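Beneath this line is the structure, given in structure tokens, with notes to follow.
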Amino acid sequence: MPSGVAPKAVDGGPLIVVHQMAKVASLAWVEAARETARRGGGVPQHAHYLTADALAAVEAIVQATGDAQTIVNLLIVRSIARKGRAAAAAVARARAEGRPIAVISGMRDPVARSISLVSFLADFCGHADGGLSGRDQASAEAVCAFLHGVWEAVLTGREPAGSFERLAWRMVGAYRTWFDEELRAVFAIDIFSAPFPSGGGAQRLSAPGMEALIYRAEDMTPGAPAGRALQKAAGTFLGTPNLVWPQLNTAATRRSYPLYLQTRERFRLPAASLESIYDAPAVRHFYSAEEIAAFKARWQEGRAVE
């Protein structure tokens, strides 16, 4: 049900779980929640996957061998699995102790998110064939071609063979099912049980023993129309009335940032693909028809390069 009441502190405060898809400003929320978690005697839990099936799928990517293992550095993938297991255990302990849980989860334009995600994976995981990161002197055209392949696989439901491709496929495609398969499955939070605020801001939901704050990453950008509303809601949720967003922009600090910007400028998708992407119920939940039309226009094949 909708709720506007912050989780009540019990025995030091709620367990804070930043549980969300990758590349939706996760680290900013982890940093924003640190003081609240510290007052409760802990640290925020940060996980992209908490369910057994999803974590097993990530661990299978780690265990790929031979030509199927196309990830150069498995540290990030192992970390996703490790943090997920640790957060799931923390959630189980909190429930056993009767400790309340505060969950933060968010959404982002799926196409913009896919570009950021592939850029991140190329930099920190690396593809065995190279050619996707600034370190490898990759071209924006090569990255765009890879993104086209990922989106084709996502929209057709065809899981790729290579481990890097499988990881990108799973994480890019999460926007369609993640809120049901992860958030609802673990916390009984149903984003569709109440409308997202018109124009942006924050959606507050509750379930037995827990509260959730649901947001859009676009509302965290400087000057966003709903930025103040989201910041106020986040401060109330975290018990930090004067909350200020941590100034984090990890993409801008990486060597591949110019390549990332070039890819954003050049990437386009066919109209039919965009229709399928933006027709997903989760997308229509968070964004108005006008906002979705703007996203489609931004990524429409045939639009002149900026």
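Confirm whether W169 is open to solvent by 40 Å² or more (accessible area, probe 1.4 Å), under 18 Å from S273 (Cβ atoms) and modelled with pLDDT of 95 or more. Judged against the criteria, W169 is a match. Looking at E211, is it in contact with an Asp or Glu (Cβ under 9 Å, 6 or more places away or on another chain) and either open to solvent by 20 Å² or more (accessible area, probe 1.4 Å) or over 22 Å from I101 (Cβ atoms) (or both)? When the stated conditions are applied, E211 does not pass them. Considering the stretch 217-226 alone, what residues qualify as being open to solvent by 10 Å² or more (accessible area, probe 1.4 Å) and not hydrophobic (A, V, I, L, M, F, W, C)? Scanning the stretch 217-226 gives E218, T221, P222, G223, P225. With the structure loaded, tell me whether G126 is on the phi > 0 side of the Ramachandran plot and loosely packed, with under 15 Cβ neighbours inside 10 Å or whether it fails that test. For G126, the condition - on the phi > 0 side of the Ramachandran plot and loosely packed, with under 15 Cβ neighbours inside 10 Å - is not met.
It is to be established whether one or more residues within the stretch 198-207 are open to solvent by 10 Å² or more (accessible area, probe 1.4 Å), of a type in the set (S, T, N, Q) and part of a loop (DSSP other than H, G, I, E, B). The answer is yes; a qualifying residue exists.
Would you confirm whether or not the stretch 133-140 contains a residue that is at pLDDT below 95, of a type in the set (D, E, K, R), in contact with a strand residue (DSSP E or B) (Cβ under 9 Å, 6 or more places away or on another chain) and in a helix (DSSP H, G or I)? Checked against the condition, which is being at pLDDT below 95, of a type in the set (D, E, K, R), in contact with a strand residue (DSSP E or B) (Cβ under 9 Å, 6 or more places away or on another chain) and in a helix (DSSP H, G or I), the stretch 133-140 yields at least one hit. From the list A28, A56, A89, A68, the lone residue that is over 30 Å from A161 (Cβ atoms), out of contact with any strand residue (DSSP E or B) (no Cβ under 9 Å at 6 or more places or on another chain) and open to solvent by 20 Å² or more (accessible area, probe 1.4 Å) is A89.
Of all residues in the stretch 274-286, how many are surrounded by fewer than 19 Cβ atoms within 10 Å (Cβ to Cβ) and over 18 Å from the mean Cα position of the chain (by Cα)? Total satisfying the criteria: 3. A161 passes every criterion in (1) small (G, A, S); (2) open to solvent by less than 60 Å² (accessible area, probe 1.4 Å); (3) outside any helix (DSSP H, G or I); (4) more than 24 Å from R216 (Cα to Cα) apart from (2).
Here V111 meets each of (1) touching a strand residue (DSSP E or B) at 6+ places or on another chain (Cβ under 9 Å); (2) under 17 Å from Q262 (Cβ atoms); (3) without any contact (Cβ under 8 Å) to a residue 60 or more places away in the chain with one exception, condition (3). Select from the stretch 227-268 the residues that are charged (D, E, K, R) and under 24 Å from S116 (Cα atoms) and write down the one among them that is most open to solvent (accessible area, probe 1.4 Å). That would be R255.
The values are calculated or read from the model by the stated rules, or taken from the named source; none is laboratory data. None of the values given here were measured: they were computed from a predicted structure. We place every Cβ from the backbone using ideal geometry, glycine too, and count neighbours over all the protein chains shown. These area figures cover heavy atoms from the full protein model, side chains too; ligands, DNA and RNA do not enter into them. Shrake-Rupley method; radii C 1.70, N 1.55, O 1.52, S 1.80 Å.
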